[in-house]
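Undergrad: Dropping a structure here in C-alpha cells format, bear with me for questions.
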C-alpha cells in the first residue's frame, strides 16, 4: 500500500500567499558572471525584495592610482572590465590626454578605434554566449567563442597578450599594426556578418528564447535614465545616448555608423541592440582599415615607456627588464597641469567615465571611475522586483555586468 | 547652451549658494555651498533650457593635501549631462571637516543610491535622507574610510574578519578539513587497499 508522499514529508508548499522565505544566490553562482551575491526575499517564485551585494573583488584601484604615475596606473584599467580590457585602456588614455592636454597622432587614433571596436565585439560575443547559456540556449555558446578566439589571436599578434593588453598608451599606442594583423582582421570582417546571421538563426525567433526575453525586465526610458543605465541597456529603452556620437573621441567623428535603438526596454530589446552593435562595430573597423593614414603612432609628449629600436637577442631569465635598457621610464617631463576633468567613453557595457583631479604632480590626486557595471547592479533591485526568480538570471545577464569593473 | 550661460542662470536662481566657477579643458565647473544642493540639481534637471537629465557620476574628494588654497576638507562632485541638449556641467559641493554630510539626491536620480553609498563607504561623507546608507564595497564591519588621504595605502592592520576566518579554518582542520588539500593526503588509504 502506498502512502501519499505529501503526508510523510514535511515540506512547506508555497501557494503564492504568505510563504515568504529568503534565499542567498551567490557569491559562487555560475549565472552571476563573477562574485556577486544577491540576497532574495521570495514569495513563492516571485521576488519581493532583491539586494545585490558587491565588493568581493574590491581591489582599491582608486586608492592605488593615487600612488602611481599616470603611465603606471594604465595597467589597473586592464583589470576593470577584463572582458573588454582594450576599451578600458582606451578610455583611460583618452581621459588622461584630455587632462594633461596631450596630442595624439591620427594613425594612433584610428588604431585605437579599431582595437576598441574589436574589444566591443569580443565583449558582446562573450555576453551573448553566457547570457544564452544562462537561459538555456546551449548551442550559441561555442559558436560565439569560435569567433572570439579569432579576435583574441589577433590581439596576441598585435601586442602579445590575450586578456590584459595595456596596448594603448597615453598619447598613442605602444606598437604599430603589422600587415599580417590587418590581413587577419580583414579576413575576420569578411566572414563575420555571416556568423552574426548564424547566431540570429539560432535564437532570434526561437520560441523558448522569446518566452524568456520578451516583456521581461522592462525598463522605461525615464526609469533607465533615473537609474543611470547606459549603453545598450539605455538604448534598448529608446533613449538615444551613445558617447561615441555625443562627445566623439579618437576617430569616431571620422567614421560613419549608426546607433541602434530599441523601444520596448525589455531583455529582447537589449539583445537586439547588442546584435546590431556587432554589425556597426564591424562597419567601423572596416572604415578604419580603409582610411588608416600613415604617420607616427605616438605623440611627442607621451609620458610613457620608451621602447628601444634594437631589442637584445636574448634576455637572461630573472634579469630586471629596466636594467637591460629594454624599457626606459621617462619621468621628469614638465607637462603636468593642475585641474580636473571628467571624460567618458563608450565601452561595451556602457559609459565608462574617469574623473581626474590633477595637482600638477605626475600622479593623479584623485581618480574616480564611473563604472557602468556598478551602476547597473545597483539598478538590478528596481528591475527584478516583482518578477520571477528564473528571470533574475536573465536580468543579470541582460544588464551585462562584469564584477571586476563594478568593484574596482 | 553655453556652459557659462548655465552657470549664470544657476547664479541668478541661487545667488547665495554659488561660491565661484571656472573652466578647465573646455569643461565648466561651479563650486557651491551644500545647503540647497537638491534644489539646485532639481533646477538644473527640470529647467526647460538646461534639462540635465543624466547624472554621469557622483563622487567625493578629500582635499586635505590639495595644493589649491581655500578648499573645504571634503567635497562631493556631480557630473551632469543633458542628453537632449548635449551639454554638460560639473557641480562641486563643499562639505565641511567635522562629520561631513550633505543631502541625498536619490529623489532626483534613483541611480544615485549606490554612488552615494560608495562615497559614504570610501570617504565617510554622510548623505541625509538616504534610504539605505550602508557600506557597499568594504565589509560591513570595516573601520575607517580608505579613500581619505590620511588613510595609509597598505592599511593599518589585518581585517578583523580575516582572523576570525583563519580561526575557523584551524578549527575545521581538526576534523580533517584542509583548504590547501594536501596535508592529509598521506592519511587517506588507497581505495584498492580497502577493497
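Undergrad: If residue A:54 satisfies every condition in (1) touching a residue at least 24 places away in the same chain (Cβ under 8 Å); (2) more than 24 Å from residue A:381 (Cβ to Cβ); (3) within 22 Å of the chain's Cα centre (by Cα) but one, which is the exception?
TA: (2)
Undergrad: While we're here: Is it the case that some residue within region B:109-128 is loosely packed, with under 14 Cβ neighbours inside 10 Å and either modelled with pLDDT of 85 or more or at the interface with chain A (Cβ under 10 Å from one of its Cβ atoms) (or both)? Walk me through it before giving the result.
TA: Step one: filter region B:109-128 for residues loosely packed, with under 14 Cβ neighbours inside 10 Å, giving B:128.
The next check asks that each one be either modelled with pLDDT of 85 or more or at the interface with chain A (Cβ under 10 Å from one of its Cβ atoms) (or both); those that pass are B:128.
Checking region B:109-128: at least one residue is loosely packed, with under 14 Cβ neighbours inside 10 Å and either modelled with pLDDT of 85 or more or at the interface with chain A (Cβ under 10 Å from one of its Cβ atoms) (or both).
Undergrad: Here are A:106, A:100: which of them is under 30 Å from residue A:298 (Cα atoms) and at pLDDT below 85? Break it down stepwise before answering.
TA: Numbers: A:106 fails: at pLDDT below 85.
Among A:106, A:100, only A:100 is under 30 Å from residue A:298 (Cα atoms) and at pLDDT below 85.
Undergrad: Of all residues being on the phi > 0 side of the Ramachandran plot and either buried (at least 21 other Cβ atoms within 10 Å of the Cβ) or more than 8 Å from chain A (Cβ to nearest Cβ) (or both) in region B:19-63, which is modelled with the lowest pLDDT? Just the residue, please. Even if it seems obvious, please write down each step before you answer.
TA: Initial filter on region B:19-63 (on the phi > 0 side of the Ramachandran plot): B:25-26, B:51.
Filter again for either buried (at least 21 other Cβ atoms within 10 Å of the Cβ) or more than 8 Å from chain A (Cβ to nearest Cβ) (or both), leaving B:26, B:51.
Working: B:26: 84, B:51: 87.
Result: B:26.
Undergrad: Within region A:360-368, is even one residue within 11 Å of chain B (Cβ to nearest Cβ), surrounded by fewer than 24 Cβ atoms within 10 Å (Cβ to Cβ) and free of Cβ contacts under 8 Å to residues at least 60 places away in the same chain?
TA: Yes, the conditions are met somewhere in region A:360-368.
Undergrad: Quick check, is residue A:226 within 14 Å of chain B (Cβ to nearest Cβ) and on the phi < 0 side of the Ramachandran plot?
TA: Details: within 14 Å of chain B (Cβ to nearest Cβ): yes; on the phi < 0 side of the Ramachandran plot: yes.
In short, yes.
Undergrad: If you take just the helices (runs of 4 or more DSSP H) that sit entirely in region A:199-287, which of them hold at least 2 residues that are over 30 Å from residue A:341 (Cβ atoms) and in contact (Cβ under 8 Å) with a residue 24 or more places away in the chain? It would help to see each step written out before you state the result.
TA: Details: elements: A:207-213, A:221-227, A:232-235, A:243-246.
Helices (runs of 4 or more DSSP H) meeting the threshold: A:207-213.
Undergrad: Has region B:89-96 got any residue that is touching a helix residue (DSSP H, G or I) at 6+ places or on another chain (Cβ under 6 Å), more than 11 Å from every other protein chain (Cβ to nearest Cβ) and assigned to a strand (DSSP E or B)? Before you say what the answer is, go through the steps one by one.
TA: The initial filter retains those residues of region B:89-96 that are touching a helix residue (DSSP H, G or I) at 6+ places or on another chain (Cβ under 6 Å), namely B:89, B:93.
Still in the running and more than 11 Å from every other protein chain (Cβ to nearest Cβ): B:93.
Applying the additional criterion that residues be assigned to a strand (DSSP E or B) yields B:93.
Yes: region B:89-96 contains one or more residues that are touching a helix residue (DSSP H, G or I) at 6+ places or on another chain (Cβ under 6 Å), more than 11 Å from every other protein chain (Cβ to nearest Cβ) and assigned to a strand (DSSP E or B).
Undergrad: Related question: Between B:178, B:141, B:173, which is within 13 Å of chain A (Cβ to nearest Cβ), exposed (fewer than 15 other Cβ atoms within 10 Å of the Cβ), farther than 23 Å from residue B:63 by Cβ and modelled with pLDDT under 90? Steps first, answer last, please.
TA: Details: B:178 fails: within 13 Å of chain A (Cβ to nearest Cβ); B:173 fails: within 13 Å of chain A (Cβ to nearest Cβ).
Going through B:178, B:141, B:173 in turn, just one is within 13 Å of chain A (Cβ to nearest Cβ), exposed (fewer than 15 other Cβ atoms within 10 Å of the Cβ), farther than 23 Å from residue B:63 by Cβ and modelled with pLDDT under 90: B:141.
Undergrad: Out of A:155, A:141, I need the residue that is over 15 Å from the mean Cα position of the chain (by Cα) and under 20 Å from residue A:190 (Cα atoms). Which one?
TA: Working: A:141 fails: under 20 Å from residue A:190 (Cα atoms).
The match here is A:155.
Undergrad: Taking region B:97-128 as the region of interest, how many residues are within 16 Å of the chain's Cα centre (by Cα), within 22 Å of residue B:14 (Cα to Cα) and not in a strand (DSSP E or B)?
TA: Matching residues across region B:97-128 total 4.
Undergrad: Only one residue in A:396, A:375 is facing chain B (nearest Cβ under 7 Å), under 30 Å from residue A:136 (Cα atoms) and surrounded by 20 or more Cβ atoms within 10 Å (Cβ to Cβ). Which one?
TA: On the way: A:396 fails: facing chain B (nearest Cβ under 7 Å).
So the residue among A:396, A:375 that is facing chain B (nearest Cβ under 7 Å), under 30 Å from residue A:136 (Cα atoms) and surrounded by 20 or more Cβ atoms within 10 Å (Cβ to Cβ) is A:375.
Undergrad: Consider residue A:57 carefully, then state whether it is crowded, with 24+ Cβ neighbours inside 10 Å, under 21 Å from residue A:396 (Cα atoms) and in contact with a helix residue (DSSP H, G or I) (Cβ under 7 Å, 6 or more places away or on another chain). Full working, then the answer.
TA: Details: crowded, with 24+ Cβ neighbours inside 10 Å: no; under 21 Å from residue A:396 (Cα atoms): yes; in contact with a helix residue (DSSP H, G or I) (Cβ under 7 Å, 6 or more places away or on another chain): yes.
The answer is no for residue A:57.
Undergrad: Does region A:159-181 contain any residue that is crowded, with 21+ Cβ neighbours inside 10 Å, in contact (Cβ under 8 Å) with a residue 60 or more places away in the chain and part of a helix (DSSP H, G or I)?
TA: No, region A:159-181 contains no residue that is crowded, with 21+ Cβ neighbours inside 10 Å, in contact (Cβ under 8 Å) with a residue 60 or more places away in the chain and part of a helix (DSSP H, G or I).
Undergrad: A further question on this structure: Only one of B:66, B:73 is at pLDDT below 85, closer than 23 Å to residue A:367 by Cβ and buried (at least 16 other Cβ atoms within 10 Å of the Cβ). Can you tell me which? Walk me through how you get there before you give the answer.
TA: Working: B:73 fails: at pLDDT below 85.
After applying the criteria, what remains is B:66.
Undergrad: As an exercise: evaluate residue A:68 against (1) crowded, with 22+ Cβ neighbours inside 10 Å; (2) part of a loop (DSSP other than H, G, I, E, B) and give the number of the one condition it does not meet.
TA: Exception for residue A:68: condition (1).
Undergrad: In addition: Suppose we keep only residues that are at pLDDT 80 or above and outside any helix (DSSP H, G or I) within region B:1-15. Which one would you say is farthest from residue B:91 (Cα to Cα)?
TA: In this case the residue turns out to be B:15.
Undergrad: Given the conditions (1) within 11 Å of chain A (Cβ to nearest Cβ); (2) within 25 Å of residue A:66 (Cβ to Cβ), report the number of the one that residue B:84 does not fulfil.
TA: Among (1) within 11 Å of chain A (Cβ to nearest Cβ); (2) within 25 Å of residue A:66 (Cβ to Cβ), residue B:84 violates only (2).
Undergrad: Taking the stated definitions as given, is residue A:45 surrounded by fewer than 24 Cβ atoms within 10 Å (Cβ to Cβ), farther than 30 Å from residue B:159 by Cβ and modelled with pLDDT under 90?
TA: So residue A:45 passes the test.
The values are calculated or read from the model by the stated rules, or taken from the named source; none is laboratory data. Bear in mind that the values here come from a model prediction, so they are computed numbers and not experimental data. Note: ideal-geometry Cβ built from the backbone for every residue, glycine included; neighbour counts use all protein chains shown.
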